[in-house]
Structures are given as structure tokens and as C-alpha cells.
1. Return only the number of the condition from (1) in contact with a strand residue (DSSP E or B) (Cβ under 9 Å, 6 or more places away or on another chain); (2) without any contact (Cβ under 8 Å) to a residue 24 or more places away in the chain that residue 92 does not satisfy.
2. Restricting region 95-111 to residues that are more than 21 Å from residue 326 (Cα to Cα) and either without any contact (Cβ under 8 Å) to a residue 12 or more places away in the chain or part of a loop (DSSP other than H, G, I, E, B) (or both), which is nearest to the chain's Cα centre (by Cα)?
3. From 237, 260, grab the single residue that is out of contact with any helix residue (DSSP H, G or I) (no Cβ under 7 Å at 6 or more places or on another chain), in a loop (DSSP other than H, G, I, E, B) and closer than 30 Å to residue 59 by Cα.
4. Having 2 or more residues that are farther than 24 Å from residue 68 by Cα is the bar; report the helices (runs of 4 or more DSSP H) wholly within region 276-342 that clear it.
5. Testing residue 229 on (1) outside any loop (DSSP other than H, G, I, E, B); (2) touching a strand residue (DSSP E or B) at 6+ places or on another chain (Cβ under 8 Å), one condition comes back false. Which one is that?
6. Could you list all residues from region 117-157 that are in a helix (DSSP H, G or I) and crowded, with 21+ Cβ neighbours inside 10 Å?
7. Among (1) out of contact with any helix residue (DSSP H, G or I) (no Cβ under 7 Å at 6 or more places or on another chain); (2) within 26 Å of residue 236 (Cβ to Cβ), there is one condition residue 62 misses while meeting the rest; what is its number?
8. Residue check, residue 201 against (1) out of contact with any helix residue (DSSP H, G or I) (no Cβ under 7 Å at 6 or more places or on another chain); (2) farther than 30 Å from residue 47 by Cβ, all met but one. Which one?
């Protein structure tokens, strides 16, 4: 009985804190499941979100002040990048993977293509410390921010004191990224009864449910688990995905399953950015070579006619969320321009 009472009290306080977190800045979209992120440990606050947005767009996080989070995660690309296959870092260095799109992060429990990070609050440490990306360490980032009067003021507004810590930096970045919710595509409007699929889109939806939904499950259009994409390994990158992290043979060539939302904006596709069009991706999955690999793994192969490909792509385009991509609240903060001019 006592345990039941404690459980009920815990649930009550969780729901209360989650409601406060949602207020004005975060709401669970229609048909979306409960978020995986624990807002109790980092309740959303408008000033912390503003701070996180400033940090996201400021190259002060990098060793030579030349690379920001937004350098590889542009709002116009659904917070991915599409001007090159692999991410670029300080000193014009080329990274080892295609930067993934950033949205609906509250529903994810692992991050990076290989799942090396298991919490959003820790994720930024990876690019900050990567020698081919930002090449910095969190202690130096904290020192730079602490010595900047602009940021001391922003940290005071967000945390009621001007002391900068690594935890505050990382949690503020999470705050901003948690607000990157994409849920207003044509697909979402159809589900809310505000729009209708065309005949071609409906045919594509049927094909999607038959061939793709097991990995790219509605409404997030991913399970955010890991799977093989059966793409031949790049002889230069030699990327074994999750296997390189776990050092387990069973995880070799497993990569995090990306969401299919916003594909119009987030090309190139897959972990090494080798595909620039949806047609390229589908051609890979319906090739005889890939079908043989599916069969060997005991998976159901994908069969699509030329007409079926067009229908499926027509449906996938209904997952594009223009309002999210062009949302002014997510854009570069003009306040930074003022700071840089001073």
C-alpha cells in the first residue's frame, strides 16, 4: 500500500513538472507518444531556451571560434546540412559522418549514428571535443563564456546567477533542441482531419505501410532503434556503426534509423551522405544485391515497380514540414550580431 502511494505521488509530481515544462514552449503533438526525455531534471524555461539558442549558433564553442553547432545543423536543412556529404570542422577538416537532422529529440534515447551517446544533455560533448569538428573541451568553453560579460548576463537571466558551468551549458543546449518539434506536415494535417491525401499519395502511403513502417514507424517515422542499411562499407571511412562502439560483432554495421520527416530539406541521406535523392535511396533498397542481403538476414525484401517508386516518393513528400523549417523562433538570433559588433 505504501509503495502504491509513493508511486502515485511520484507520478503526480512528474505530470505537474511536465505540464509546467510544456507551458508555452512544448506540447505533445497529436498522436505522438509520451516523450522519452525526463523534463523533471531540466524543466523548460524561456530564458534557458534563449540561452541554448545563442550557444547553438555561436562559434565560441569551438577551439578557434570558427564553427558552431549550426555550421553542420542549419535550420533551412531541418537542422542537417546539404552542401557536402560529411560534416566539416575547424581548420577545414572533414568529419567522418553526415550530420543528422535535429528534430523531435525529446522522443529519442540514443544519439549519433552509432548510438554512442545515451542522453541529450550529454550529446553536445561529442562534437565539442571531436578534433575534426569543434576541437575544444568543455572546461575551456566554460572559461570563455565566464569571461564574456554578454554571456554572464545571459546565464544570470537563465539560472539567477552568473556562474557558468559545463552542466548549465549542456542543459541550455538541450533546452533549445527540445523545442525543435516537427509535427505540422501535410501528413499531420491529414491525421488531424485538416487535409486529404491525393490518390497518388494514398497509394504511396499503402506502399509505405507495407514496406517501410517496421523501421520508420508512424508518427515519428522512426523507431530510433538500429538497423543495417546494407550499403557497401566505404573503404576510406571504414565505418562499422554501433559495432565500433560496443565492440560486438552482432552490432557491426548497425546505424541509427533516421526519421523520414523533412526529407526534402535534409539530404544527403544515410550515415555517409552518399545518396542525394530519394530515387537513389529507393534504387539501393530494391536492387537485387540488397534483396539478397535482406534474404540472408531473414528480412522481408522490398519490391517496388517504377510507378510504385513514384507513388512512395509522393507520400514521403507529405512528411515535409515547411512551417518547422522556416520557423523564425529557431533561426539565428539577431542578438548575436549585436554582440559580435561590440
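The values are calculated or read from the model by the stated rules, or taken from the named source; none is laboratory data. Quick caveat: nothing in here was measured; it's all calculated off a predicted structure. With ideal geometry, Cβ positions are generated from the backbone for all residues, glycine too; neighbour counts draw on all protein chains shown.
1. (1)
2. Out of the qualifying residues, it is 108.
3. Going through 237, 260 in turn, just one is out of contact with any helix residue (DSSP H, G or I) (no Cβ under 7 Å at 6 or more places or on another chain), in a loop (DSSP other than H, G, I, E, B) and closer than 30 Å to residue 59 by Cα: 237.
4. Answer list for region 276-342: 278-285, 288-296, 306-316.
5. (1)
6. Those that are in a helix (DSSP H, G or I) and crowded, with 21+ Cβ neighbours inside 10 Å: 120, 123, 127, 128, 141, 145, 151, 154, 155.
7. Of everything listed in (1) out of contact with any helix residue (DSSP H, G or I) (no Cβ under 7 Å at 6 or more places or on another chain); (2) within 26 Å of residue 236 (Cβ to Cβ), residue 62 misses just condition (1).
8. For residue 201, the exception is condition (1).
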